[in-house]
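Have a look at the structure below before the remarks.
The values are calculated or read from the model by the stated rules, or taken from the named source; none is laboratory data. In this text, all values refer to a predicted model and were calculated from it rather than measured experimentally. All Cβ positions, even for glycine, are placed from backbone atoms using ideal geometry, and neighbour counts span all protein chains on display. Keep in mind that these areas ignore ligands, DNA and RNA; they rest on the heavy atoms of the full protein, side chains included. Shrake-Rupley method; radii C 1.70, N 1.55, O 1.52, S 1.80 Å.
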Amino acid sequence: MTGALGPGTGDLAAEVARLADIAALNNLIDRYLTSLDEGLAPPGTDPRPGSGEGGPVRSGFDEEWAASLFTEDVELLFPVGSHRGLAGADRFLREIMERWSRTHHHGSLAFVEPDGDRAEIGWSLLASHVHFGSPLPPQPSAYFQIGGRFTGTARRTAAGWRFARLRLRIVWSTGTPPGGVTEVDARSLEHPRVRS
């Protein structure tokens, strides 16, 4: 037997590269969801001025965190607001997350379809948001919970895959929304086939 490569070697290499991209994109999604929860420390460790109760301690939600997840021209379209560009993306998401004492984001298996240096992505989401002042487990929590779907695109950069566009569409909610949130963008409730 010789060391020559067979005719299917190119196909095999392309499939291995595609699977490596799928694994990297799934890792990007997992890092994003995990970082949303880890960006909030246990309540009571950093009181916000004038609040009288425990608030979040930031271990994330800074420029470095945002650059590890998003492209320079990222578009974030969420029910409570939208943002364009890497500059300020950390502040935009921090302001959303600061409404909660703690959170738990659970994503489904993701749809990931790489095509060269671009990929279509999507996954279902269950997100639980615990209000400030809510007791710690095992006592029941006062919470707001949503079910929805993230869709978007990712792009390969010199630093690896990054989200270029993320849109969250809400399907259902239960519990009490945070203070100050009296409505959501109606487009976040549209049927997935309706384009904005």
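What to note about this one:
- Here the calculated FRET efficiency for LEU126 and ALA67, from their Cβ-Cβ distance with R0 = 35 Å, stands at 0.80, rounded to the nearest 0.05.
- Summarising the amide proton neighbourhood of GLY122: residues at separation of 5 or more, or on other chains, whose placed amide H is nearer than 5 Å comprise PHE111.
- Once the chain from TRP172 to LEU136 is taken as fully extended at 0.36 nm per residue, the excess over their C-alpha distance is 10.4 nm.
- Across the protein chains, with a 1.4 Å probe defining accessible surface, the residues TYR143, TYR32 rank TYR143, TYR32 from largest area downward.
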